[in-house]
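S.K.: Pasting a structure here, questions to come.
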Amino acid sequence: MVEELAVRSEHNSLESLDKTFNELMVVSDADTEATLLVLINELYADSACRCEEKEAAYGNESEEAASCHRAVGKTRDQMLQLYRTFCDKLRGEHIG
């Protein structure tokens with residue numbers, strides 16, 4: 001009997017990242033901002049772990065692993081831009 005692989009998808013973590021970034025841009029409480037930044041890092045790490053799991057389950061060169069790495073890489077680029085935007089928001093609040 002062939003055992004079915006149960007590898008979680010990275011999509012839930014990546015979708016939650018988008019929602020968390022959106023929330024980060026509208027809150028102004030420092031404690032909430034700090035909590036959201038920690039959550040963002042945890043969600044990104046979780047999505048990257050899904051890629052490692054897919055490599056282990058399907059192989060390093062599998063389409064599942066490659067697709068995961070593309071999605072996580074795209075998200076990393078978006079994170080960098082969003083962090084820049086967040087830093088600009090903080091500077092504006094500090095100056096203003």
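S.K.: Looking at 53, 33, 61, 42, which one is outside any helix (DSSP H, G or I), out of contact with any helix residue (DSSP H, G or I) (no Cβ under 6 Å at 6 or more places or on another chain) and not polar (S, T, N, Q)?
M.R.: Answer to the check: 61.
S.K.: Sticking with this structure for a sec: It is to be established whether one or more residues within region 56-68 are surrounded by 15 or more Cβ atoms within 10 Å (Cβ to Cβ) and either within 15 Å of the chain's Cα centre (by Cα) or in contact (Cβ under 8 Å) with a residue 60 or more places away in the chain (or both).
M.R.: So far as region 56-68 goes, yes, one or more of its residues are surrounded by 15 or more Cβ atoms within 10 Å (Cβ to Cβ) and either within 15 Å of the chain's Cα centre (by Cα) or in contact (Cβ under 8 Å) with a residue 60 or more places away in the chain (or both).
S.K.: So, one more: Need the failing condition index for residue 75 against (1) of a type outside the set (A, V, I, L, M, F, W, C); (2) touching a Phe, Trp or Tyr at 6+ places or on another chain (Cβ under 8 Å); (3) modelled with pLDDT of 95 or more, just the number.
M.R.: Looking at each condition in turn, residue 75 falls short on (3).
S.K.: Quick check, is residue 16 without any contact (Cβ under 8 Å) to a residue 12 or more places away in the chain, part of a helix (DSSP H, G or I) and surrounded by 12 or more Cβ atoms within 10 Å (Cβ to Cβ)?
M.R.: When the stated conditions are applied, residue 16 does not pass them.
S.K.: Filter region 1-55 for residues that are among the polar types (S, T, N, Q) and over 11 Å from the mean Cα position of the chain (by Cα) and give the result.
M.R.: 9, 22, 28, 32, 35
The values are calculated or read from the model by the stated rules, or taken from the named source; none is laboratory data. Worth saying up front: this structure is predicted, and the values here are computed from it rather than measured. When we count neighbours, we look across all protein chains shown, and the Cβ atoms used for this are built from the backbone with ideal geometry, even at glycine.
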